[in-house]
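**Student:** Structure incoming, see below.
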Amino acid sequence: MPDRRLIEFARAMRREPAPAEEALWRLLRDRRLGGYKFRRQHPVGAYVADFYAASAALVVEADGDSHATEEGAEHDRVRPAHLEALGLAVLRFWNTDIADDPDGVLDRVCEVCARRQGVRRRLLPRAHPGGEG
């Protein structure tokens with residue numbers, strides 16, 4: 001079960017979505033994309049995913065200006081590694097791509113969902129071979 005603070009943070013994020021997240025959510029919600037069910041601002045591991053499709057073990061992230069900073073870039077190196085250790089695929093799209101080419105974004109998401117259909121996420125990260133933890 002996710003940490004209660006993470007759940008509350010996810011709820012707050014759902015109440016005030018970024019414009020690109022809101023636009024992408026209109027396209028993904030209610031199984032509109034190939035019948036795949038997506039959750040919005042969903043706790044996954046130690047993070048809150050912008051969008052999460054459990055049936056494909058897929059996280060979709062909408063990235064804005066904060067991701068272009070040095071701090072944001074470092075966070076973007078750590079976060080996907082953690083999610084991938086859980087067996088998840090991570091797709092990242094710039095907000096401008098979502099606004100300028102929503103069909104291209106949806107095609108890519110649908111392609112990855114179809115390829116990963118039935119993949120299950122791991123509950124705990126695997127230990128590194130030959131090392132501890």
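Read-outs throughout are calculated quantities, based only on the coordinates presented, and are distinct from any laboratory measurement. Nothing here was measured: the structure is a model prediction, and the numbers come from that model. Neighbour counts are summed over all protein chains in view; Cβ atoms, including those assigned to glycine, are modelled from backbone coordinates with ideal geometry.
**Student:** Just how far, in whole angstrom, is the range 13-64 from the range 77-105 if you go by their alpha carbon centroids?
**Tutor:** 10 Å
**Student:** What ranking, highest mean first, results for peptides 30-41, 84-95 when packing means the other Cβ atoms within 10 Å averaged over each residue?
**Tutor:** 84-95, 30-41
**Student:** Continuing with this model, one more query. With labels modelled as points extended 7 Å from the Cα through the Cβ direction, what inter-label distance (nm, one decimal) is found for Arg4 paired with Glu22?
**Tutor:** About 3.1 nm separates the two model spin labels.
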